[in-house]
Every structure is written in C-alpha cells, then in structure tokens.
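See structure below.
Every number in this text was worked out from the coordinates using simple rules, so none of it is lab data. Please read these numbers as outputs of a predicted model, since none were measured by experiment. Ideal geometry is used to build each Cβ from the backbone, glycine not excepted, and the neighbour counts take in all protein chains shown.
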Amino acid sequence: SSARIPEMPGNDEINDLADQFNSMLDQVQRYIEQQKEFVGDVSHELRTPVAVIQGHLQLLNRWGKDDPEVLAESLAAASQEASRMNSLIEEMLQLTRAEQVEQKNVQEVTDVREVIMQIVDNIQMLHQDFSIMADVDLDNEVSVRMNRNHLEQILVILLDNAIKYSATRKEIHLSADRDQQHIKILVQDFGLGISPTDQQRIFDRFYRVDKARSRERGGNGLGLSIAFRLVKAYGGELTVDSVEGSGSIFKVSLPILPTFENSDAEEENTPT
Ligand code: ADP
C-alpha cells in the first residue's frame, strides 16, 4: 500500500529499517482486516436471532397477543432466541480472551488428572443417557502450566461436541497419557463423523458442517475455534481424526510443566 517505505538503492541500513517498518505495517494491516472480518461475521450471526425475535414481536403486536396459544409460543420462542444471543456473546468473549492468552504470563500450575476426572464427572451427571469412559494413565504429579479454567473449557467443548454430534451409540471414550514432554488427551465418539473437507474448516470460527443441526443443538460454531486457540496459546496442538458416519477422535497435546521449568532456568542463567 502507499504507506510502505520504498527501497533505497545502495543504503543497506535504511533498507533494513524500511523492511522492518514495512513488515510491521503488513502485520497491522492484516490485524485490521481480521478485525473487520470478525465484526462482519458477528453481525451476520446476530442477524438471525434478532430477526426471529422481531418476527414474534410483530406477530404478537398484530393479533397474536389475543390468542393465548400464540402468545405462549411466541414468548417462548423469543426468549429462546434471547438465550441464544446470550450464549453467542458469552462465547465470543471467550474467543477474544483465548486470543489474548499469553502462556508466559501464566503462573498457575494445574493437575491434569484431577481436572479430567472432575469434568468427566460433571458431564456424565448432565448426560446420564451417555456412558463416558475415562482411561487416564497419568499420576497425580503430571501438571501443566495453565489456567485451570482454560483446561476445563477445552475438555468441556470436546466432550459437549462428542455428545451433540453422536448417533445411536451413546458412548464416549476419553483417554489420557503422556510421553517425555507432552500430555495427550483423546476424546472419541461414535457419532456422525466429519468429512475430510470439513475437517479442514471446523476449527474456523462460526463454521458448522450442518448449520440447522448445530443451531438446533444450541451450537454457535465457536467451540472448536476457542479450544484450538487455547491449546495453541499453551504451546500445544489440537487435531482431529474422523470417518464420516462412524465417529471422530479429537486429540489434544499439551507440554508438561518441566519443559517450562527448564526454559525458566535457562532464562535466569542467561547473562544480561
Ligand atoms: P458448534 O457450536 O456448532 O458445535 P464447534 O466449533 O464446536 O461449533 O464445531 C464446529 C462444527 O464441527 C460443528 O458444527 C459440527 O458440524 C462439527 N463437529 C464438531 N465436533 C464434532 C464431533 N465430535 N463429531 C462430528 N462433528 C463435529
């Protein structure tokens, strides 16, 4: 764009500075584009619930309020859409916060095994028609440097999805183990599965394979993008393995605490 600094033939120092400036400018511009896109996406997502609420209010206004049945139905529908907007706003805030997480500023140490057990218990309690099997091969010593709440969010998102997109087999397997440096958590379901093309997009914000189905189950298309950003922010990876029609496995890997301790020690020993 026009604000870029042009090349100065023969002056390397100025050219280096110009390059740095130009790449900063590119970064800022990319950021502004992303923000614009986000605002566009959000407006689009809010349009539907607002339109539904407006429609019901107009109906009530014209004649609906005189028919007790219509009155009750419209009020219930409008209130449901208001709750949907609420959860959308809450999830957008979570996404923004996930983007702001900086692992280096987090001091909290979280026991992975304990968090997994607690979340599995909670979700099992809420969905008694499902059988959630947890196979956690970690001792109590295995910790990550992570905000506890963030680890909980990641697990809740994956387990909720496994339930939301299940089919007849109401079973979910969660397993966790570790290698030298990482904790690996797998969440497996035997539900709808995801096609290879969709697998590439499900971590994008607002992306839903079947919009109607997701909406009907209260989904906003933000869960996986929140989980993905959180896992990334803590130096981990979130991937999916899935076969359409037979189920999915979501895999989380997170660096184990000693990795951070080592890098801290190095920093402290570095002469300044
Ligand atoms: P949503 O709120 O729609 O569940 P997510 O970001 O959590 O949003 O997921 C994005 C999309 O990925 C979902 O709409 C669904 O189509 C697909 N998806 C996520 N988890 C699973 C799963 N376990 N099995 C099948 N499809 C899934």
Fill in the blank from the handout: Counted neighbours (other Cβ, 10 Å), sorted fewest up, put Glu244, Glu91, Glu216 in the order Glu216, Glu244, Glu91
Handout entry: Across Lys36/Lys164; Lys164/Lys251; Lys104/Lys232; Lys170/Lys251; Lys184/Lys211; Lys164/Lys211, pairs whose alpha-carbon gap is larger than 24 Å
Key = Lys36/Lys164; Lys184/Lys211
Problem - Arg217-Ser23 FRET efficiency (beta carbon distance; Förster radius 41 Å; 0.05 resolution) - result: 0.45
Problem - Mean ellipticity per residue at 222 nm, deg cm²/dmol - from DSSP H runs of n ≥ 4 across the chain, formula -39500 (n - 2.57) - result: -19000 deg cm²/dmol
Problem - Three-way shape label, region 164-236, alpha-carbon gyration tensor, a/c 1.5 - result: oblate
Handout entry: Computed FRET value (nearest 0.05) for Ala77 with Val156, which takes r as the C-beta separation and R₀ as 25 Å
Key = 0.40
Problem - the chain: equivalent-ellipsoid semi-axes (sqrt of 5 x gyration tensor eigenvalues, Cα, Å) - result: 39, 31, 17
Handout entry: Lys, Arg +1 and Asp, Glu -1 on Cβ, resulting dipole of the chain about Cα centre, debye, nearest 20
Key = 1220 debye
Handout entry: Ordering of 69-75, 155-161, 124-130, 92-98 by packing [mean C-beta count within 10 Å, highest first]
Key = 155-161, 92-98, 69-75, 124-130
Completion exercise
Expected unfolding gain across Ile5-Asp177 under the 0.36 nm per residue rule, minus the alpha-carbon gap, is 56.8 nm
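Residue separation times 0.36 nm, minus the C-alpha to C-alpha distance between Gln54 and Glu99: what's the value? All intermediate terms of the calculation are to be shown ahead of the outcome.
Numbers: separation 45, 0.36 × 45 = 16.20 nm, distance 3.30 nm.
Extra length available between Gln54 and Glu99 comes to 12.9 nm.
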Completion exercise
Rounded to 0.05, the calculated FRET efficiency for the beta carbons of Lys36 and Glu141 at R₀ = 41 Å is 0.30
